[in-house]
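Here, each number is a calculation from the coordinates, and none is a lab measurement. Every value quoted in this text rests on a predicted model; they were computed, and no experiment measured them. Every residue, glycine among them, receives a Cβ derived from its backbone with ideal geometry; neighbour counts consider all protein chains shown.
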Ligand code: FES
Ligand SMILES: [Fe+2]
């Protein structure tokens with residue numbers, strides 16, 4: 001699991017003011033929460049006194065109290081402010097003790113946590129939606145590592161066989177079309193250059209005529225699809241967040257501009273979950289055998305997955321050598337049938 005990244009931890013709507021939520025993120029046990037002033041935080045889910053999980057304690061909207069001996073910690077910086085059992089004459093300074101904390105921010109309706117050393121970089125955002133929350137957002141837990149989950153984002157060979165819902169593509173999987181797409185390295189990943197969507201999937205037709213699309217893939221597992229028609233725009237953010245080596249949360253957030261689409265949010269949410277569940281079932285089946293799956297990367301259709309592994313290797317090498325990441329990819333045109 002890569003360190004040094006903002007990870008999409010949870011959809012903002014899942015934590016209400018004054019509430020907390022325990023979760024594991026990239027192998028770290030955390031307690032996420034939202035203060036009554038709306039600010040979000042992430043602290044270690046383990047009391048420094050005897051290791052009691054903080055999730056069992058209380059939260060008054062500002063401070064957390066451990067359920068075991070009642071130590072109180074500020075949620076903003078994790079510092080202990082009260083040790084109830086110590087008498088006043090004993091000069092124990094509670095502020096010497098603290099919960100671990102991680103940088104935690106909310107942007108565009110999602111709560112992100114920075115896992116790693118050093119100063120966090122800018123938060124990932126989708127273009128053109130400022131601080132709008134997604135119209136549709138869903139999270140699904142996949143029983144696989146983050147690489148298997150990311151394959152669902154970048155594998156053009158699978159949709160014709162896996163995503164066969166009638167609402168998504170009107171043609172059956174037997175009518176594959178020849179596709180040619182231009183790719184270029186981009187930041188910590190790569191992007192499919194903006195191009196005209198000729199045979200768009202049905203929902204994209206709602207954006208008007210002349211629909212264009214560009215897709216970027218970034219470490220540590222982000223896919224941003226930006227679709228623009230002459231009337232409207234939409235963005236789909238997919239984020240694969242490692243929970244452990246064998247579990248990954250896949251978040252799927254759809255932003256759109258047509259206001260008149262608001263009544264269709266429940267239907268769109270159902271479609272998003274249906275789509276995501278098709279990828280989850282693939283992950284479940286891949287994990288059915290006791291021996292780990294083996295991989296072949298064959299030709300252009302598998303090139304993006306190969307790139308993904310190259311990017312990861314370079315990131316790990318640059319971190320180990322204490323140098324800047326150098327994107328190892330080159331611009332390339334890929335062709336496939338899908
Ligand atoms: S374990 Fe938390 S106060 Fe003792
Ligand atoms: Fe998929």
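Using a Förster distance of 25 Å, how high is the FRET efficiency between residue 284 and residue 309, based on the Cβ-Cβ distance and rounded to 0.05?
0.65
Hey, rough spin-label estimate for residue 81 and residue 130, points 7 angstrom out along Cα→Cβ, what's it come to in nanometres?
That separation, rounded to one decimal, is 3.4 nm.
Need the full-extension length gain, residue 119 to residue 14, defined as separation in residues times 0.36 nm minus the C-alpha distance. One decimal, nm.
Going from the current span to full extension adds 35.1 nm.
Using only alpha carbon pairs under 8 Å that are at least six residues apart, calculate the relative contact order of segment 80-181 and give it in whole percent.
Answer for segment 80-181 is 14 percent.
Tell me the Kirkwood hydrodynamic radius of segment 5-115 in angstroms, computed as one over the mean inverse distance between distinct C-alpha pairs. Could you put the intermediate results ahead of the total?
On the way: mean 1/r = 0.0709 Å⁻¹.
Taking the inverse mean of 1/r over all distinct Cα pairs, segment 5-115 comes out at 14.1 Å.
How large, in Å, is the chain by the Kirkwood hydrodynamic radius built from its alpha-carbon pairs?
Details: mean 1/r = 0.0456 Å⁻¹.
Answer for the chain: a Kirkwood hydrodynamic radius of 21.9 Å.
How high is the relative contact order of segment 136-337, in percent, with contacts defined as C-alpha pairs under 8 Å that are six or more residues apart? It would help to have the intermediate numbers written out before the result.
Working: 342 pairs, mean separation 62.0, N = 202.
Computed over segment 136-337, the figure is 31 percent.
On a 0 to 90 degree scale, rounded to 10, what angle separates helix 303-321 from the longest Cα axis of the chain?
For helix 303-321, the angle is close to 30 degrees.
In nanometres, what is the gap between the two model label sites at residue 214 and residue 162, each 7 Å from Cα along Cα-to-Cβ?
2.6 nm
Classify segment 270-338 as rounded, prolate or oblate from the Cα gyration tensor: take a ≥ b ≥ c as the square roots of its eigenvalues, call it rounded if a/c is under 1.5, otherwise prolate when a/b beats b/c and oblate if not. Let's see the in-between values first.
On the way: a/c = 1.90, a/b = 1.52, b/c = 1.25.
In terms of gyration-tensor shape, prolate.
Can you compute the equivalent ellipsoid semi-axes for segment 136-337, i.e. the square root of 5 times each eigenvalue of the Cα gyration tensor, sorted largest first and rounded to whole Å?
Ellipsoid half-lengths, sorted descending, are 27, 21, 18 Å.
Rounded, prolate or oblate: which fits segment 1-54, taking a ≥ b ≥ c as square roots of the Cα gyration tensor eigenvalues, rounded meaning a/c under 1.5, else prolate when a/b beats b/c?
Here segment 1-54 falls in the oblate category.
How far apart, in nm, are two points set 7 Å out from the Cα along the Cα-to-Cβ line at residue 96 and at residue 28?
Simple spin-label model gives 2.5 nm for this pair.
Which order, highest average first, do 179-185, 307-313 follow once you tally other Cβ atoms within 10 Å for each residue and take the mean per peptide? Intermediate values should be presented prior to the final figure.
Values: 179-185: 15.1, 307-313: 17.0.
Descending mean neighbour count gives 307-313, 179-185.
Would you compute, from DSSP H runs of 4+ residues alone, the mean residue ellipticity of the chain at 222 nm, taking -39500 (n - 2.57) per run and dividing by the full residue count, rounded to the nearest 500?
-5000 deg cm²/dmol
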